[in-house]
């Protein structure tokens with residue numbers, strides 16, 4: 001029996017097109033709840049982001065943080081605007097605060113081709129791209145991101161921290177995910193991406209990976225240096241299944257792999273911890289097209305599907321998982337049938353029309 005039939009969802013639309021794609025996403029979520037039944041998403045829209053910073057002097061109000069902390073999941077649009085920065089010149093990015101405070105150690109970036117989207121690769125095997133990048137998000141080269149740096153015009157240093165507990169939990173997460181995917185017909189392989197031949201921190205990351213791999217004998221372990229991985233992701237991305245790596249490496253590789261499937265507009269993501277989950281599209285706020293109704297909500301919709309699947313897994317709720325499966329399937333079918341043609345691919349479908357098509361196909 002499921003633990004819960006009602007899920008509290010903190011909704012943070014953010015800035016720019018984040019607001020538009022979130023509106024479309026909530027419309028689709030209301031529809032799928034009514035269609036599937038058996039569960040309810042109780043959403044509350046909360047202020048957060050660059051626009052709120054301009055109005056109130058804070059990008060993440062205490063009440064927003066508290067309600068997000070108490071929610072079953074956080075659905076986030078896109079945050080930040082290029083012309084709005086903090087007093088120290090840094091960008092507005094409250095999503096990093098969530099990663100730190102909620103210990104969202106696993107950044108999950110699915111990379112799956114949607115039929116009908118102009119391919120970056122011409123090889124017919126590119127149609128089989130279906131991999132997941134797992135980015136460790138609590139340490140690595142981002143460990144001191146919120147720490148003040150002493151003013152110095154001569155030099156500056158960033159610290160890279162790799163710990164055994166931090167590495168074990170993200171590697172175990174990757175093996176568990178690969179096992180689930182193996183049950184669905186995927187390869188059942190985890191690739192450790194590092195620079196162990198040069199950096200001691202990366203050698204340690206690989207050492208811990210190998211120790212955990214020995215405890216997961218049913219899943220194939222694999223190793224690759226970050227430089228050759230970038231090379232092979234352009235030449236043979238279909239060879240990969242689940243990839244796990246340090247924070248900065250994951251930041252870069254997730255953008256590279258998004259380009260393989262059509263860009264940020266179709267790339268979803270989930271930031272997961274032991275207790276919390278934040279789900280958001282990989283794209284930014286795109287202020288140049290904000291307000292025009294042409295933003296592609298695909299990545300937002302697929303992120304919502306990830307949220308439904310995660311809630312279903314965590315709460316043992318079959319109908320919630322089914323809703324996630326149906327939502328992802330409807331988005332895919334829209335592209336297969338040629339009924340979704342976003343502006344960035346030469347089509348004329350706007351935000352609302354894409355959402356309407358997905359609703360029809362659910």
Count - residues of segment 240-262 that are surrounded by fewer than 17 Cβ atoms within 10 Å (Cβ to Cβ) and either in contact (Cβ under 8 Å) with a residue 60 or more places away in the chain or more than 24 Å from residue 204 (Cβ to Cβ) (or both): 4
Quick one: would you say residue 238 is in a helix (DSSP H, G or I) and either within 23 Å of residue 163 (Cα to Cα) or over 16 Å from the mean Cα position of the chain (by Cα) (or both)? yes
(1) over 23 Å from the mean Cα position of the chain (by Cα); (2) over 17 Å from residue 21 (Cβ atoms) all hold for residue 292 apart from (2)
Within segment 197-210, work out how many residues are without any contact (Cβ under 8 Å) to a residue 24 or more places away in the chain, in a helix (DSSP H, G or I) and either out of contact with any strand residue (DSSP E or B) (no Cβ under 7 Å at 6 or more places or on another chain) or exposed (fewer than 14 other Cβ atoms within 10 Å of the Cβ) (or both). 4
State all residues of segment 144-162 that are surrounded by fewer than 16 Cβ atoms within 10 Å (Cβ to Cβ) and modelled with pLDDT of 95 or more; if no residue qualifies, say none. 161
Kindly evaluate residue 51 against the criterion of being surrounded by 24 or more Cβ atoms within 10 Å (Cβ to Cβ) and in contact with a strand residue (DSSP E or B) (Cβ under 8 Å, 6 or more places away or on another chain). no
In segment 214-223, the residues that are surrounded by fewer than 20 Cβ atoms within 10 Å (Cβ to Cβ) and touching a strand residue (DSSP E or B) at 6+ places or on another chain (Cβ under 9 Å): 214, 216, 220, 221, 222, 223
Could you grab me the full set of residues in segment 263-281 that are surrounded by 23 or more Cβ atoms within 10 Å (Cβ to Cβ) and within 22 Å of residue 343 (Cα to Cα)? 265, 266, 267, 268, 269, 280, 281
Of all residues in segment 54-67, which are within 16 Å of residue 93 (Cα to Cα), surrounded by 15 or more Cβ atoms within 10 Å (Cβ to Cβ) and in contact (Cβ under 8 Å) with a residue 24 or more places away in the chain? 59, 60, 64, 65
Quick one: in segment 216-235, which of the residues that are in a loop (DSSP other than H, G, I, E, B) and touching a residue at least 12 places away in the same chain (Cβ under 8 Å) is farthest from residue 106 (Cα to Cα)? 218
Farther than 23 Å from residue 248 by Cα, part of a helix (DSSP H, G or I) and at pLDDT 95 or above: does that describe residue 48? no
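The values are calculated or read from the model by the stated rules, or taken from the named source; none is laboratory data. On a predicted model such as this, the values are computed, not experimentally measured, just so you know. A quick note on method: Cβ atoms are made from the backbone with ideal geometry, for glycine too, and the neighbour counts reach across all protein chains shown.
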